[in-house]
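Colleague: Quick one: the structure is below, and I'll ask about it shortly.
The values are calculated or read from the model by the stated rules, or taken from the named source; none is laboratory data. The model shown is predicted, which means the values in this text are computed figures rather than measured ones. Please note: Cβ atoms are built from the backbone with ideal geometry, for glycine as well, and neighbour counts cover all protein chains shown. What goes into the accessible areas is simple: the full protein's heavy atoms, side chains included, and nothing from ligands, DNA or RNA. Shrake-Rupley method; radii C 1.70, N 1.55, O 1.52, S 1.80 Å.
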Amino acid sequence: MNRNRWALLNKISKTQFVLRDLGLFLDTHPQNISAIKNYEYYQSRFNELINEYEKMYGSLTPKLSDSSERWTWCDGPWPWETEYNEEM
């Protein structure tokens, strides 16, 4: 996997972690305006990163399989395949 693809996946992963962490915080502090604004920012950023990745490399989830002729979600590489792990 090339470095740009790996870097983008890393950004997506980190942003998703921040969203989960903020979500947990908001479960116990639902009126914290600062946390809500941060959550909204990171949700927007997460969506941008996902869109960027999918335009360049294909779908990250099966919901966006792009063909009615063939199930394209299975087009590799999968995370556990050698090509992906070489850059780790």
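Colleague: Give me the distance in nm between label points sitting 7 Å out from Cα along the Cα-to-Cβ direction at LEU19 and ASN47, one decimal.
Modeller: Roughly 1.0 nm, to one decimal.
Colleague: How do LEU24, LEU49 rank by accessible surface area computed with a 1.4 Å probe, from largest to smallest? Please report the intermediate quantities before stating the final value.
Modeller: Details: LEU24 115, LEU49 0 Å².
Order by accessible area, largest first: LEU24, LEU49.
Colleague: So how far apart, in nm, are the two label points at LYS11 and LEU26 if each is 7 Å from Cα heading toward Cβ?
Modeller: Going by the 7 Å Cα→Cβ label model, 2.2 nm.
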